[in-house]
Amino acid sequence: MDFSTLSDESLLALIARRRPEALEELYRRYSRMVYSLAIRMVAEPSVAEEITLDVFTRVWDKADSYRASRAQVNTWLTRIARNHAIDTLRRQNTRAAHVAGHWTDAEINAIPAKNNPEETTQLQLQRARVRAAVAQLPDNQRQALSLAFFGGYTHHQIAQTLNQPLGTVKTRIRSALKKLRHILSDDE
Amino acid sequence: MTLTHEQITELIPAFALDCLDDEETVAVTEHLPGCAACRAELESYQSTVDRLALAVPEVSPPPELQGRLMARVRPAAPVPPPAVPWWQKLAAQLRTTAPVWGAAALLVLLALGVSNLYLRQQLTDLQRPAMVDTMRTVSLRHTQPDSQATGIIIVSTDGEYGALIVEHLYPLPENQQYQLWLIDDNDTRISGAVFSVDDDGYRSVQIEEAPLPLEHYTRFGITVEPAGGSPGPTGQRVLAGSM
């Protein structure tokens, strides 16, 4: 069987049947995405590697819990990765220094990598759309969102970090997500 | 903390982002089971949050990470049953057909111990050992340069019956099978068996189709034929040997 031709959902079905080749193919497709998110959040490569390993180990153990109706496979993986990274950050009570800044223009304007042959055109388009949506946010909203999304900070912690009133931070984050939801829903 | 539906609704985006403080998190969590509208709202925002990860600049993990992952999960993967050596497979087969083989089967079993040694020496240069003077064996050698295939034919002491054992033959598609040809001094070719091999390229078969005692035939060949066999050899020859 040529696993490279199978859909993500089919790979998960085979992983649930304990086929290591299916896990290898899923890793080949999405390890870069998972690792990228992990290292952006925790900064330390060894910790990001452990998070990546844990994500795919969990997929191996819990593939039968995936429901295609609730999330795409790639977003399901990143949700697992982010939750794992937030747990790590909160447990260690440390944050990567770069998280204290915000989602930089360099990041959101980055051109999706063309040198990743495993990445589908559809995924590249999704990346471009999300970056374009983030770029439309006001700078102060993007900053608060970045601290919450990458740093795992709570409202109170963000307010302290930015030295802003709590209500202001809540409004910025709520407004940012509402705007992103609106922009991205138009793309669907 | 008791909050109204409107207040909870305002917290849903932050709940999806997991940045609420503990008391607010508890309030939203307790509200959700009884409020379909808030559950739908949460699902919508959760999808938005999930997609934010796609905007992250890409970084490749170290190449060795995949090996670490597979080392972690493979012990949990189903372990295939240990490969059964060919002589054990044949012995099991002979046990089930002992009434047919009678005394010849017992002698063939005796010969297995010796022939095993031959195959362990890759069946390249079979020499009949003194202890099996009463048995005849024929080694079959591959005829393709890139092949690892080997085979042996064991002929019973009375020259009537025989068994064929092959290893390392390529498994064929369903519409093809291997066919053993028995060749006499007149170059007449008679089908001795039609068979397929398992995933290891192994198969043991009894040679039952010969109209004459096996000792009548002096050469043997195995070809690839359509499933079910052919009246005469038509496909590629993969193994050959002579008495």
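Quick check: the distance between the Cα centres of region A:24-90 and region B:169-232, to the nearest angstrom? A separation of 54 Å, based on Cα centres.
Going from the fewest other Cβ atoms within 10 Å to the most, the residues A:Leu125, B:Leu11 appear in the order A:Leu125, B:Leu11. Cross-link partners of A:Lys178 among aspartates and glutamates, defined as those whose alpha carbon lies under 12 angstrom from its own and excluding same-chain residues fewer than eight positions apart: B:Glu10, B:Glu41. Here the Karplus curve 6.51 cos²θ - 1.76 cosθ + 1.60, taken at θ = phi - 60°, turns the phi angles of region A:162-178 into couplings of 8, 6, 10, x, 4, x, 5, 5, 4, 5, 4, 5, 4, 5, 4, 5, 4 Hz, with x standing for Gly and Pro. For region A:1-94, the orientation-averaged shadow of the C-alpha convex hull comes to 5.9 nm² (one quarter of the hull surface). Applying 1/(1 + (r/R0)^6) with R0 = 45 Å to the Cβ-Cβ distance of B:Thr188 and A:Arg17, what FRET efficiency is obtained, to the nearest 0.05? Efficiency at R0 = 45 Å is approximately 0.30. Candidate cross-link partners of A:Lys62 among the aspartates and glutamates, defined by an alpha-carbon separation under 17 Å and a same-chain spacing of 8 or more, comprise A:Asp8, A:Glu9, A:Glu21, A:Glu24, A:Glu25, A:Asp54.
In plain terms, the chain from B:Arg68 to B:His168 could stretch by 32.8 nm, reckoned as 0.36 nm per residue minus the Cα-Cα distance.
For B:His216, B:His31, A:His182, the sequence from fewest to most other C-beta atoms within 10 Å is A:His182, B:His216, B:His31. Ranking A:Met33, A:Thr88, A:Phe56 by Cα position along the charge dipole of region A:1-94, where only Lys, Arg, Asp and Glu carry charges on their C-beta atoms, puts A:Thr88 farthest toward the positive end.
With neighbour counts taken as other beta-carbon atoms within 10 Å, the residues B:Met243, A:Met1, A:Met33, B:Met70 rank, fewest first, as A:Met1, B:Met243, B:Met70, A:Met33. Rounded to the nearest whole Hz, the Karplus-based 3J(HN,Hα) values (6.51 cos²θ - 1.76 cosθ + 1.60, θ = phi - 60°) of region B:217-229 follow the sequence 9, 10, 9, 9, x, 10, 10, 8, 10, x, 3, x, x, with x at glycine and proline.
Taken together, the values in this text are just the output of simple stated rules run on the coordinates, not laboratory data. Everything numeric here is computed off the predicted structure, so don't read it as measured data. No Cβ is skipped: glycine too gets one built from the backbone with ideal geometry, and neighbour counts run over all protein chains shown.
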